[in-house]
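The values are calculated or read from the model by the stated rules, or taken from the named source; none is laboratory data. Here the structure is a predicted model, which means the values were calculated and not measured. Every residue, glycine as well, gets a Cβ built from its backbone with ideal geometry; the counts of neighbours run over all protein chains shown.
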Amino acid sequence: MDHFPGPRHELPRRYCPVCGHWTDRRFRNGPGARPDARCPSCKSLERQRFLAVLTSCLGPLVDVGTLLDIAPAPCTTTVLAELEPVRHVRMDIGYDERGVDLLGSVTAIPLRDGSVDVLVCYHVLEHVPDDAAAMREMARVLAPGGVGLVQVPIRFGRPTDEDLGAGEAERVRRFGQHDHVRYYGDDFEQRLADNGLVFTRTSPRSLVGERVCHVLGLIPDEWVWVVRSAAHDTGEVHPVVVPPPTGLTRALDAVVEAWFDDLVALSHARRRVRRLRSELDVRSRSLGARVRAHWHRSA
Ligand SMILES: [Zn+2]
């Protein structure tokens, strides 16, 4: 059960929806010294905490027979298990200390057509030279009604920067990591549509509002694409816009704002208590000194 901190952790400021950890500090630095990124308890990053939020929304809506997690991370395994899939398949091209159930490439997924109810593909496509093949494979294995959650590093307002022949140093400079082959831009969604996927997109800001993003340590505009197999449908591409607040995000904002007001009032009250305590100490010391002086004089 989640445990709200007692007197030892006086001012809770961050909550991790992956492991239920409250902390009175910001989260730890993440990759590239990104501040406020990593949960000190379960090591989750912003995107994994948002995945926990997404799966908690998705859970009651879907019956998951087969869940395919492509390139799994340890804490996402825990998060996705909450969907209670009948078959939880973690696939990667290699095996290491992470749990992997299936060895396979995203460009040739060793599963039957239409056999996957939920698919997760986070921060994978930017590593894959033939990302079109990977997208077509996702479209192929998704069951009718199945959904995929896809995330890639992306910069809007410019086209994808891609160079399959770039050396490691240049990849780091242009794509942010030695094993990335591109940095996605505005045409990412066209690539999804061209390769058999229809999609809608969501972001932490649009789902839980700005203030809750702060508490859960989420990047407000870190988009997730919710994809489905286009089958006979055709993907329609809409420009990315930051959605207006909804009733839910306004309500959550109001709750968190009231909470923060209480935190500020509590912190002021504490300062006042400390001040009064030290004033009391000073007065009692001076009273003690006067009593002793009086005692000596009368002795
Ligand atoms: Zn955590």
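Overview of results
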item: The stretch 44-89: number of residues that are under 19 Å from the mean Cα position of the chain (by Cα) and more than 17 Å from Gly114 (Cα to Cα); result: 29
item: Test result for Arg87, over 29 Å from Phe260 (Cα atoms), surrounded by fewer than 19 Cβ atoms within 10 Å (Cβ to Cβ) and modelled with pLDDT of 90 or more; result: yes
item: Residue check for Arg87: in contact (Cβ under 8 Å) with a residue 12 or more places away in the chain and out of contact with any strand residue (DSSP E or B) (no Cβ under 6 Å at 6 or more places or on another chain); result: no
item: Any hit, the stretch 140-150, residues being at pLDDT 95 or above, under 23 Å from Arg201 (Cα atoms) and surrounded by fewer than 18 Cβ atoms within 10 Å (Cβ to Cβ); result: yes
item: Test: residue in the stretch 100-118 that is free of Cβ contacts under 8 Å to residues at least 24 places away in the same chain, of a type outside the set (Val, Ile, Thr), within 16 Å of the ligand (Cβ to nearest atom) and over 19 Å from Arg140 (Cβ atoms); result: no
item: Candidates Val224, Val241, Val181, Val172, filtered to the one that is out of contact with any Asp or Glu (no Cβ under 9 Å at 6 or more places or on another chain) and at pLDDT 95 or above; result: Val224
item: Selection from the stretch 22-32 of residues that are part of a loop (DSSP other than H, G, I, E, B), more than 18 Å from Phe260 (Cα to Cα) and within 13 Å of the ligand (Cβ to nearest atom); result: Gly30
item: Residue check for Leu276: in contact (Cβ under 8 Å) with a residue 60 or more places away in the chain, part of a helix (DSSP H, G or I) and outside the structural domain of Arg155 (by TED's automatic domain parsing); result: no
item: Residues within the stretch 55-78 that are within 16 Å of the ligand (Cβ to nearest atom), hydrophobic (A, V, I, L, M, F, W, C) and in contact with a strand residue (DSSP E or B) (Cβ under 9 Å, 6 or more places away or on another chain), tallied; result: 1
